[in-house]
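The values are calculated or read from the model by the stated rules, or taken from the named source; none is laboratory data. Every value quoted in this text rests on a predicted model; they were computed, and no experiment measured them. For neighbour counting, all protein chains shown are included, and Cβ atoms are generated from backbone atoms with ideal geometry for every residue, glycine included. To get the accessible areas, we keep the full protein, side chains included, count just its heavy atoms, and leave off ligands, DNA and RNA. Shrake-Rupley method; radii C 1.70, N 1.55, O 1.52, S 1.80 Å.
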Amino acid sequence: MTLIGKLPLSVVQLLGSLIGNLLLAFRIRMALVCDENIRRCFPELTSQDQQDLTRQSLQETSKSFLESAISWTASKDICQSLIYEVEGKSEVDTLIAKGNGLIFIVPYLGNWEIIQHYLGRYYKPTHMYQPNRDKSLNTYIQSCRDKTGTHFVPTDNSGIRAQLKALRQGGAIGVMPD
């Protein structure tokens with residue numbers, strides 16, 4: 001992960017596209033599930049269009065995974081530099097200043113690991129995460145995420161309590177749509 005995190009974003013994205021293509025070519029389980037979901041959700045598309053959409057989905061998923069290495073291992077400044085445009089900051093700042101608490105709904109569009117650097121820098125949200133079953137991997141990921149300024153809590157009752165406490169104190173929380 002550290003090696004991938006040191007590569008330029010353009011190289012990481014190229015590798016992600018390559019991996020997505022390989023997943024499809026070797027019919028890895030992830031590719032089969034994606035293909036089935038695309039066929040069920042978009043029956044109106046031609047077979048070629050469905051295959052193209054499956055390929056694009058696998059490429060973008062692979063890019064996001066590899067981009068996480070940048071988010072986890074690169075400096076805060078590098079991660080911040082990857083955020084090119086932010087819309088609605090003044091509105092969010094106004095809401096935060098009122099002290100009522102704010103809920104960020106952060107979809108899986110683009111790389112949500114990168115946005116945590118921005119949110120953590122300006123709003124210090126409490127965000128729930130699903131702990132990894134591998135305790136050493138979970139410890140590694142959380143130690144990397146700690147540098148974002150976002151406070152991560154597990155998806156259990158303690159996490160719900162932590163988010164409610166943050167909202168009651170006028171803070172911000174992050175919620176994923178799933």
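Counting only protein chains, not ligands or nucleic acids, how are 92, 175 ordered by accessible area (probe 1.4 Å), most first?
175, 92
If r is the Cβ-Cβ distance from residue 26 to residue 84 and R0 is 41 Å, what FRET efficiency results, to the nearest 0.05?
That gives a FRET efficiency of 0.75.
Averaged per residue, what accessible area in Å² does region 79-141 show with a 1.4 Å probe, protein chains only?
For region 79-141, the solvent-accessible area averages 65 Å² per residue.
On a 1.4 Å probe surface of the protein chains, which of 36, 87, 44, 113 comes out largest in accessible area, and what is the full order?
The ranking, largest first, comes out as 87, 44, 36, 113.
So, with a 1.4 angstrom probe, what is the percent of accessible area on the chain that is carbon and sulfur?
Looking at the chain in its full context, I get 58 percent from C and S.
Of the listed values (i) 18.0; (ii) 17.0; (iii) 15.9, identify the label whose number matches Kirkwood radius over Cα pairs in Å calculated from this model.
Only one listed value fits the structure, namely (i).
Please state the shape class of region 1-91: rounded when a/c is under 1.5, otherwise prolate if a/b exceeds b/c and oblate if not, all from the C-alpha gyration tensor.
Taking the square roots of the gyration eigenvalues as a ≥ b ≥ c, region 1-91 is oblate.
Along the charge dipole of the chain, which of 64, 125, 25 sits closest to the positive end, that is, farthest toward it, with unit charges on the beta carbon of Lys, Arg, Asp and Glu (+1, +1, -1, -1)?
125
Write out the trypsin sites (Lys or Arg not before Pro) in region 19-94 meeting two conditions: DSSP loop, and at most 15 other Cβ atoms within 10 Å of their Cβ.
For trypsin sites (Lys or Arg not before Pro) across region 19-94 that sit outside H, G, I, E and B with at most 15 neighbouring Cβ atoms in 10 Å, the list reads 27.
Give me the dipole magnitude in Debye, nearest 20, for region 1-104 about the Cα centre, with unit charges on the beta carbon: positive for Lys and Arg, negative for Asp and Glu.
400
Rounded to the nearest 20 Debye, what is the dipole magnitude of region 55-175 about its Cα centre when Lys and Arg each give +1 and Asp and Glu each give -1 at the C-beta?
So the magnitude is around 400 debye.
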